[in-house]
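The values are calculated or read from the model by the stated rules, or taken from the named source; none is laboratory data. None of the values given here were measured: they were computed from a predicted structure. Positions of Cβ are backbone-derived with ideal geometry, glycine not excepted, and every protein chain shown enters the neighbour counts. We work out accessible area using only protein heavy atoms, side chains counted, and drop any ligands, DNA or RNA first. Shrake-Rupley method; radii C 1.70, N 1.55, O 1.52, S 1.80 Å.
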Amino acid sequence: MVEILSALLQYIFKTLASLAGVLIFLLFVGYLLIRLFGIDIKPYLNTSGRIFSGGRVIDFQEAFGGDSNIRVCDVQRLDADGDGFNEWLVYYQFDVNNQKNWKQPCPSSAPMAAAIYDNDRGKPAILFPYKLQPPDRDFLGEGSISVDTQEIVPNYGVSTTDTIPELIFKGEGSTKYMTIFKYQKNTESWQPPTDDIPRYQVLGSFSGTGGVEYHPEDKTVVVYDRGPFERSQLAIKYVYKLHGTDANKTYMSEVGASTLSAPVSSSIDFGINAPTDILRATYPEKIVLAFYQALTKSTPKGWNPADFLVPGSLARQQLDKKNYAYFGFAGAGAPSNLVVRRLQYYPAAERLPTTPSIEGQQPVRGRVEIDAVAKQSGKDQYTGLISIELRLVAGQWKIESVIPVN
């Protein structure tokens, strides 16, 4: 009897071990398939959770009532109002224009929006949506958005002394978006929920074809617009700062406004990153911009301005003499703090003359116009519009001469 029982237990253990091995193998294969095909498994986990819980898990797609114009993409738990409870942050697409699939439950071309569902009103609690609405009923991004939290301005009208960080949404698409929301108390605890006065007020709403950056060290927002400079990836760089006092600080023209305040500065800069080997840049306008940044010590990259000039040229001779007036800065001393106000390139000037190569005819001459301002002895010195003539030297664009434009 003992031998039979022992054999039976060994058989059971071996069977369980085999089943466990098969299960681990299947999980490993499933993981590989998910990574290989980029499958988003969140919708399937949500569905299974709702099934196994007997419907007790909230399915926001189902809660939206099957609206065919709205598709729920993701749900994140986040304490957005500083009350110690993680609200439901629901990301969704609207004006849905293509079919979801097993790889992309939310394909990337439809506009994205978000709402925070809170249960802090009513007995029993009301699950109420507070929409995160940019100005002019705009959207937060196209295809994907993400959120970060940063303490930017103090809060007002709230019972807690703890900081309530602002919500910084970054949106992708052909244009990059950044929308910053600030929590504000819009009702008392005994009142019904409402969003007539937005609970999450827009602190700043930015967009740019070259990207948007938030700099926490000085709380500035930098927007890059690449529109005029597509071929060379340069961009107009706009810098925005907070204005106002205390809790009423904002990036908008005023608290609650639908338009941004004017940027504190704008200039032309590298929209993404400057080429690692800047001297071998393909486009002459990149060389001109880099030269003026190097001349005015306006970049930490350590470029030598002489490297951008044709050896022995008039431009090189004037640089060696520290004749900054030749390059447009007629004030006293070395220029600094460059702001490029205009940069225009002329592809037609690159067409003739050309030189043959295995890649076909290649340009040997280029022309770029620049209008800039820099500091000299603490004063603004404007170059006016000047024309830069460039020549291809050993495969590299070099500045040969600088000519004022009448």
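Val255 - would you say it is closer than 28 Å to Gln381 by Cβ and in contact (Cβ under 8 Å) with a residue 12 or more places away in the chain?
Details: closer than 28 Å to Gln381 by Cβ: no; in contact (Cβ under 8 Å) with a residue 12 or more places away in the chain: yes.
No; evaluated as a whole, the condition is false for this residue.
Can you go through Asp320, Asp371 and tell me which one is closer than 22 Å to Glu230 by Cβ, surrounded by fewer than 19 Cβ atoms within 10 Å (Cβ to Cβ) and modelled with pLDDT of 95 or more? Walk me through it before giving the result.
On the way: Asp320 fails: closer than 22 Å to Glu230 by Cβ.
The conditions single out Asp371.
Applying the selection to region 258-313, what residues are hydrophobic (A, V, I, L, M, F, W, C), loosely packed, with under 14 Cβ neighbours inside 10 Å and touching a residue at least 12 places away in the same chain (Cβ under 8 Å)? Quick ask: steps written out before the conclusion?
Initially, region 258-313 is screened for residues hydrophobic (A, V, I, L, M, F, W, C), giving 260, 262, 264, 268, 270, 272, 274, 278-279, 281, 287-291, 294-295, 303, 306, 308-310.
If we keep only those that are loosely packed, with under 14 Cβ neighbours inside 10 Å as well, we get 262, 264, 272.
Correct list: Val264, Ile272.
Kindly establish whether Thr276 is under 15 Å from Gln396 (Cβ atoms) and modelled with pLDDT under 95.
Numbers: under 15 Å from Gln396 (Cβ atoms): yes; modelled with pLDDT under 95: yes.
Yes.
Residues that are open to solvent by 50 Å² or more (accessible area, probe 1.4 Å), touching a residue at least 40 places away in the same chain (Cβ under 8 Å), over 30 Å from Arg367 (Cα atoms) and not acidic (Asp, Glu): does region 215-231 have at least one?
Checked region 215-231: at least one residue is open to solvent by 50 Å² or more (accessible area, probe 1.4 Å), touching a residue at least 40 places away in the same chain (Cβ under 8 Å), over 30 Å from Arg367 (Cα atoms) and not acidic (Asp, Glu).
Looking at region 95-107 only, could you name the residues that are in contact (Cβ under 8 Å) with a residue 40 or more places away in the chain and open to solvent by 30 Å² or more (accessible area, probe 1.4 Å)?
Trp102, Lys103, Gln104
Of the conditions (1) touching a residue at least 60 places away in the same chain (Cβ under 8 Å); (2) surrounded by fewer than 18 Cβ atoms within 10 Å (Cβ to Cβ), Lys398 clears all except one; give me its number.
(2)
Applying the selection to region 48-84, what residues are open to solvent by 70 Å² or more (accessible area, probe 1.4 Å) and at pLDDT 90 or above?
Within region 48-84, Arg77 is the sole residue that qualifies.
Tell me which residues, restricted to region 1-44, are assigned to a helix (DSSP H, G or I), surrounded by fewer than 10 Cβ atoms within 10 Å (Cβ to Cβ), of a type in the set (A, V, I, L, M) and at pLDDT below 70.
Correct list: Val2 only.
In this structure, is Lys241 open to solvent by 40 Å² or more (accessible area, probe 1.4 Å), free of Cβ contacts under 8 Å to residues at least 40 places away in the same chain, over 17 Å from Arg341 (Cα atoms) and out of contact with any helix residue (DSSP H, G or I) (no Cβ under 7 Å at 6 or more places or on another chain)? Step through it out loud before you land on a result.
Values: open to solvent by 40 Å² or more (accessible area, probe 1.4 Å): yes; free of Cβ contacts under 8 Å to residues at least 40 places away in the same chain: yes; over 17 Å from Arg341 (Cα atoms): yes; out of contact with any helix residue (DSSP H, G or I) (no Cβ under 7 Å at 6 or more places or on another chain): yes.
It is true that Lys241 is open to solvent by 40 Å² or more (accessible area, probe 1.4 Å), free of Cβ contacts under 8 Å to residues at least 40 places away in the same chain, over 17 Å from Arg341 (Cα atoms) and out of contact with any helix residue (DSSP H, G or I) (no Cβ under 7 Å at 6 or more places or on another chain).
With respect to Asp218, determine if the residue is of a type outside the set (A, V, I, L, M) and at negative phi.
Working: of a type outside the set (A, V, I, L, M): yes; at negative phi: yes.
When the stated conditions are applied, Asp218 passes them.
Report yes if Gln133 is open to solvent by 50 Å² or more (accessible area, probe 1.4 Å) and at pLDDT below 90, otherwise no.
Working: open to solvent by 50 Å² or more (accessible area, probe 1.4 Å): yes; at pLDDT below 90: no.
No; evaluated as a whole, the condition is false for this residue.
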